[in-house]
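Undergrad: I have a structure I would like to understand better, so I am pasting it below and will then ask my questions one at a time.
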Amino acid sequence: NRSKAMKMADTEFIVSLDDDSCFTNPTDLATAVSRMEAEPRVGVITFFVYHGHNHVPARAPETEERYTTSFIGCAHMIRSSVVTQIGGYRDFYFYYGEESEYSLRVWDAGWRILFMSRVLVHHRVSLVGRRPSSILRYSIRNNLWTTILHMPWPRVAIQLGWRLFSYGLESLR
């Protein structure tokens, strides 16, 4: 659905918040837009996310803004020109880990991803539809696909072997 929404948007920026996420300050959106406008090569901003139901801090801990390798799907803003250039998420990812693969395409296309701690998003983490076994299964599958799609071929076998080994241990845990 994120990909569908991204294609339908006719604005310069697209904010993506899950149905169990929200901004914590009325000025957060304006703050994010101003920051995106200030640096044209930033394609995605990922916000500081507080996971939990209670005791939401008044603001995020003092953390410096920095470029990062990926973003969190429940709380980010993307430039529409990024979507025009690289498209939406890969449909077969369906759930979990699609942000990591999309981030690689963002970087490959010459854009930057910025972690912006001044904007705090409250993620209430709804348990509806979250089954640990499904999350693990999709995580493993999608991370393996990301490896196959983006890793240089001479390293794919080594990386896949390592990932399968580590996922086997995680499954046992």
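The values are calculated or read from the model by the stated rules, or taken from the named source; none is laboratory data. Predicted model, so just to flag it, every value in this text is computed and none were measured. Virtual Cβ from ideal backbone geometry, glycine too; neighbours counted across all protein chains shown. Side chains are part of the model used for accessible areas, which takes the heavy atoms of the whole protein and leaves out ligands, DNA and RNA. Shrake-Rupley method; radii C 1.70, N 1.55, O 1.52, S 1.80 Å.
Undergrad: For the chain, report the accessible area per residue in Å² (1.4 Å probe, heavy atoms, rounded to an integer).
TA: 59 Å²
Undergrad: Next question, about the same structure. At a 1.4 Å probe, what is the % contribution of carbon and sulfur to the accessible area of the chain?
TA: 59 percent
Undergrad: Rounding to the nearest 20 debye, state how big the charge dipole of the range 55-116 is about its Cα centre with +1 on each Lys and Arg Cβ and -1 on each Asp and Glu Cβ.
TA: 140 debye
Undergrad: Moving to a separate point now. If you place +1 on the Cβ of every Lys and Arg and -1 on the Cβ of every Asp and Glu, how big does the dipole about the Cα centre of the range 1-72 come out, in debye to the nearest 20?
TA: Using Cβ point charges on Lys, Arg, Asp and Glu, the range 1-72 gives about 200 debye.
Undergrad: With charges set only on the Cβ (+1 for Lys and Arg, -1 for Asp and Glu), what does the dipole of the chain come to about its Cα centre, in debye to the nearest 20?
TA: 520 debye
Undergrad: For labels at Asn54 and Arg112 in the simple 7 Å Cα→Cβ model, what's the distance in nm?
TA: 4.1 nm
Undergrad: Going toward the positive end of the dipole of the chain, with +1 on Lys and Arg Cβ and -1 on Asp and Glu Cβ, which of Ile148, Ile14, Tyr95 do you reach last?
TA: Comparing the listed Cα positions along the dipole, Ile148 ranks first.
Undergrad: Report the relative contact order of the chain, percent, no decimals, based on alpha-carbon pairs under 8 angstrom and at least 6 residues apart.
TA: 32 percent
Undergrad: What ³J(HN,Hα) values, in whole Hz, does the Karplus curve 6.51 cos²θ - 1.76 cosθ + 1.60 give for the range 39-54 when θ = phi - 60°, with x put for Gly and Pro?
TA: Couplings: 9, x, 8, 7, x, 9, 10, 10, 9, 6, 10, 9, 9, x, 9, 10 Hz.
Undergrad: As a test, work out the antiparallel percent of DSSP beta bridges whose residues both lie in the chain, rounded to the nearest 5.
TA: 60 percent
Undergrad: With θ set to phi - 60°, apply the Karplus curve 6.51 cos²θ - 1.76 cosθ + 1.60 along the range 69-81 and write out the HN-Hα couplings as whole Hz, x wherever there is a Gly or Pro.
TA: The phi angles translate into 8, 8, 9, 9, x, 6, 7, 7, 10, 10, 6, 4, 5 Hz.
Undergrad: Could you give me D for the chain, from Stokes-Einstein at 37 °C and 0.692 mPa s, where the hydrodynamic radius is the Kirkwood radius over C-alpha pairs? Units µm² s⁻¹, please.
TA: For the chosen part, D equals 189 µm²/s.
Undergrad: From the protein chains alone at 1.4 Å, what is the descending order of accessible area for Glu64, Glu170, largest first?
TA: Glu64, Glu170
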